[in-house]
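Undergrad: The structure follows.
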Number of protein chains: 2
Amino acid sequence: MTSPWPKPGTPFSDILTPMPVIDEDRVVANIARAQAYMTKHGKNFRPHIKTHKIPAVAQQQLDEGAVGINCQKVTEAEVFADAGFDDILITYNVLGAPRLARLKALHARVPKLTVVADSTVTVDGLAAAFAGGLPIAVLVECDTGGARCGVQSPADAAALAKHIAQTGGVRFDGLLTYPSVDGASKVETFMKDTLDLLSEAGIDCPVRSNGGSPDLFSAHLVPSATEHRAGTYVYSDRSMVRAGECTVDDIAMHVLATVVSRPTPTRAVLDAGSKALTSDLLGFTDHGEIVELPGARIVSLSEEHAVVDLSHCAVAAPAVGAQVRVIPNHTCVVSNLFDRVVFHRSGVVTRVEAVAARGTVW
Amino acid sequence: MTSPWPKPGTPFSDILTPMPVIDEDRVVANIARAQAYMTKHGKNFRPHIKTHKIPAVAQQQLDEGAVGINCQKVTEAEVFADAGFDDILITYNVLGAPRLARLKALHARVPKLTVVADSTVTVDGLAAAFAGGLPIAVLVECDTGGARCGVQSPADAAALAKHIAQTGGVRFDGLLTYPSVDGASKVETFMKDTLDLLSEAGIDCPVRSNGGSPDLFSAHLVPSATEHRAGTYVYSDRSMVRAGECTVDDIAMHVLATVVSRPTPTRAVLDAGSKALTSDLLGFTDHGEIVELPGARIVSLSEEHAVVDLSHCAVAAPAVGAQVRVIPNHTCVVSNLFDRVVFHRSGVVTRVEAVAARGTVW
């Protein structure tokens, strides 16, 4: 069967939809802007590859000055190790014999590999797996208000750090957090208090890793942090515009879609459903913005259809067959739905990249 | 790298999580129950393969008595044509030169191929693509209250049917709808009124296709319909239990997950996020049910984590490392996230099937 992926030189009008299309120039600009900010403020920058899952884009980030990459799962890191990346942080509590065995095999070929832990169970599992060999570097994950994983207080962080420092097979390397919204001051307080406790205990804490694209340009408000991690900024999305981190003109990913039905004067249906956009709302009440149809609302998604309410659309209703560009609520999850994505410059395809780490959830 | 997929004979405890696991016996029972009902009521049954995307499971459905399969996109149908399926309905308005070219190539090897249309634009595009050759069968899609695609009235349905009947390259085969919730009477009225109009016009309408797993066991309430389509029933999910179509003991798909963090007495974090469960809410306010933790609520998902509120959990809080089974809100979208899924009998792996049509959105 003919490949659904377009060749370089193909214009948007000849692309099968739905299709994620990535603006080359905006990617370059987003990478440069974030790195310049981090360099200016003396922070190491470690991009999270979850947004693109593409080694070639991670290489663009390293070439601009990033110190290494951040992955979320062991199998995701394996893909980037295969592509030659040699400084990888996995921000996950790695648990259980099958996953620990994979982590150990990965560590054998990526010595500069770091994981996180927020419990003695995780630490002791790592210690048992790595006993007698090169120890694995561990950061203590701290809950500074994000209410996901993480130890709950500086005292708990220091206690877990001490446990790591006293245990074979693991090496305490520092602290890590993913902040709450506008959480810079909470991160700074938590990190500083923990550093004081560690200093009293004589434990070195070289890495203090803060994160998040929404907090990217607030990284300078956390002087205790040595590094910042961020993923979404590279493509950006509707949630990043809402967060004030960029404008719509910085958004590099759109999902190209086609109007396949116009059942009523105020309803259009696109061929991009939850299998193209995902159902991630991220606090929005609709499913993305349509560049060509300001005021239109994507009110519901089924798997292959988006239902659009045109009641408040500021322009003429689109005809059946019209092509539009959707700004997703959340770009990272779109990448995970496609085997490949299309890069372009001014609406002409430049390259098609395999989303190499798509589907690596282990 | 070692495969993440388990071998037959592997127990749940040795499976990498998150992992969709499918109960063989429940699949067999769900297929048999639906087919027996359709046979009893004299309806043709056409399963929608979107739920499993696996030719071997579609074959189980055909072997039990289904008349053919339902796909949503041309590329999805291509996968099943490759696997030898020869009666395929694509419930989509196929538009645009690249997609029409694929449809024509598919029709050349699957003569019993049917599509839908709800506008003259779609019909005329099909007519142009198929002019001079074997005509393609077309059903007129009707909006009977579902508020997605579809013509809005029996008069519009009859008018489009006449247009198809008078146009070369296309053949009018009947009517199709996806109903609204509890929409049986609306479907019956719409179909009957349209049949009357078509009869007056001397247009034969052999196929009247109704659909939906929520309406599966109400199919007998639509006497005008000749066929019913349904997908979700084969695995079933939380939304189907809510709809009263099955019990939790009929649910064949679970997502196996591991507790990776217990940051507070009332919070657990699982290693199954939106990349394993999707963010589909389907009207729920949380992200699935945990079999082992009745009363616990999955309050938020990030890509690789589910945050669980244990405040009202009826049993002891789980330890870090504990394995649990999540009942997804919506099973079909979970299938689309994994390259393969694991089948089991009583928690021991029986087979691993490639999700052959995963990611085919065109």
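Bear in mind these aren't lab numbers, they're just calculated from the coordinates by the rules spelled out. Keep in mind that what you see is a predicted model, and the values were worked out from it rather than measured. Virtual Cβ from ideal backbone geometry, glycine too; neighbours counted across all protein chains shown.
Undergrad: What is the dipole size for region A:41-234, taken about its Cα centre, with +1 at each Lys and Arg Cβ and -1 at each Asp and Glu Cβ, in debye to the nearest 20?
TA: 460 debye
Undergrad: Based on the Cα gyration tensor of the protein assembly as shown, what are the three equivalent ellipsoid semi-axes, each the root of five times an eigenvalue, rounded to whole Å and given largest first?
TA: 47, 29, 21
Undergrad: Next question, about the same structure. Name the most mobile residue of B:74, B:241, B:138, meaning the one with the largest mean-square fluctuation, in a Gaussian network model of chain B with Cα contacts below 10 Å.
TA: B:241
Undergrad: Now for a different question. What does the charge add up to near residue B:151, with Lys and Arg as +1, Asp and Glu as -1, over the other residues with Cβ less than 10 Å from its Cβ?
TA: Result for the local shell: -4.
Undergrad: Let me know the mean shielding of B:302-311 by other chains, meaning the per-residue number of their Cβ atoms within 10 Å of its Cβ.
TA: Shielding by partners across B:302-311 averages 4.
Undergrad: Using only atoms on other chains, find how many Cβ atoms lie within 10 Å of each Cβ of peptide B:261-272 and report the average.
TA: 5
Undergrad: For chain A, with a Gaussian network of springs between Cα atoms less than 10 Å apart, report the residue from A:115, A:57, A:187 with the top mean-square fluctuation.
TA: Looking only at A:115, A:57, A:187, the largest GNM fluctuation is found for A:57.
Undergrad: As an exercise, use a Förster radius of 22 Å and the Cβ-Cβ distance of residue A:281 and residue A:311 to find the FRET efficiency, rounded to the nearest 0.05.
TA: According to the calculation, E is roughly 0.60.
Undergrad: Taking Cα pairs under 8 Å and at least six residues apart, what relative contact order does region B:41-236 come out at, in percent?
TA: The value is 19 percent.
Undergrad: Assign one of three labels to region B:1-128, namely rounded, prolate or oblate, based on the Cα gyration tensor with a ≥ b ≥ c the square roots of its eigenvalues; rounded applies when a/c is under 1.5, prolate when it is not and a/b is larger than b/c, and oblate otherwise.
TA: In terms of gyration-tensor shape, oblate.
Undergrad: Picking from A:176, A:198, A:49, whose Cα lies most toward the positive end of the charge dipole for region A:41-234 (charges on Cβ: Lys, Arg +1; Asp, Glu -1)?
TA: The listed residue farthest towards the positive side: A:49.
Undergrad: Taking the Cα centre of the protein assembly as shown as the origin and placing charges on Cβ (Lys, Arg +1; Asp, Glu -1), which of B:62, B:264, A:110 is farthest toward the positive end of the dipole?
TA: Value: A:110.
Undergrad: Follow-up. Which residue, B:157, B:117, B:128, tops the fluctuation ranking in a GNM of chain B built on C-alpha contacts under 10 Å?
TA: Residue with maximal mean-square fluctuation among B:157, B:117, B:128: B:128.
Undergrad: Could you compute the net charge surrounding residue A:208? Neighbours are other residues with a C-beta less than 13 Å from the C-beta of residue A:208; K and R count +1, D and E count -1.
TA: Once all neighbours under 13 Å are counted, the net charge is -3.
Undergrad: Work out the length of the dipole vector of the protein assembly as shown about its Cα centre, built from +1 on the beta-carbon of each Lys and Arg and -1 on the beta-carbon of each Asp and Glu, and round it to the nearest 20 debye.
TA: That gives the protein assembly as shown a dipole magnitude of about 800 debye.
Undergrad: Here is a further query. Given an 8 Å cut-off on Cα distances and at least 6 residues of separation, report the relative contact order of region B:1-117 as a percent.
TA: Result for region B:1-117 is 18 percent.
Undergrad: Also: Between rounded, prolate and oblate, where does region B:41-236 land on the alpha carbon gyration tensor, with a ≥ b ≥ c its root eigenvalues, rounded for a/c under 1.5, else prolate if a/b exceeds b/c?
TA: oblate
Undergrad: Tally Lys/Arg at +1 and Asp/Glu at -1 over every other residue whose Cβ is under 11 Å from the Cβ of residue B:266; what's the total?
TA: Counting the neighbours of residue B:266, the net charge comes to +2.
Undergrad: State the Cα centre-to-centre distance between region A:56-99 and region B:3-35 in whole Å.
TA: Centre-to-centre (Cα) distance: 30 Å.
Undergrad: Non-local amide H neighbours of residue A:362 (under 5 Å, H modeled in plane, Pro and chain starts lacking H): which ones?
TA: Placed amide hydrogens put A:75, A:76 under 5 Å from residue A:362.
Undergrad: At each listed q (0.12, 0.18, 0.21 Å⁻¹), what is the log10 of I(q)/I(0) that the Debye formula gives for region B:232-362 modelled as equal alpha-carbon point scatterers?
TA: Evaluating at q = 0.12, 0.18, 0.21 Å⁻¹ gives log10 I(q)/I(0) of -0.45, -1.02, -1.34.
Undergrad: Using a 10 Å cut-off around each Cβ of peptide A:328-338, what is the average number of partner chain Cβ atoms that fall inside?
TA: Mean number of neighbouring Cβ atoms from other chains: 3.
Undergrad: Distance from a point 7 Å along Cα→Cβ of residue B:193 to each backbone N in region B:158-183: keep the residues under 12 Å and list them by number.
TA: Within reach of a label on residue B:193, which here means backbone N under 12 Å from a point 7 Å along Cα→Cβ, region B:158-183 contributes B:158.
Undergrad: Less than 19 Å from a label point 7 Å out along the Cα-to-Cβ axis of residue A:13: which backbone N atoms in region A:318-353 qualify, by residue?
TA: A:318-326, A:344-350
Undergrad: Let me know the charge dipole size of chain A about its Cα centre in debye, to the nearest 20, where only the beta-carbon of Lys, Arg (+1) and Asp, Glu (-1) is charged.
TA: Roughly 480 debye, rounded to the nearest 20.
Undergrad: Give me Rg over Rh for region B:252-321, both radii from the alpha carbons and Rh done the Kirkwood way, two decimal places.
TA: Computed over Cα atoms, the ratio is 0.93.
Undergrad: Could I ask something else about it? Over chain A, what is the relative contact order in percent, taking alpha-carbon pairs closer than 8 angstrom and at least six residues apart?
TA: Relative CO of chain A lands at 21 percent.
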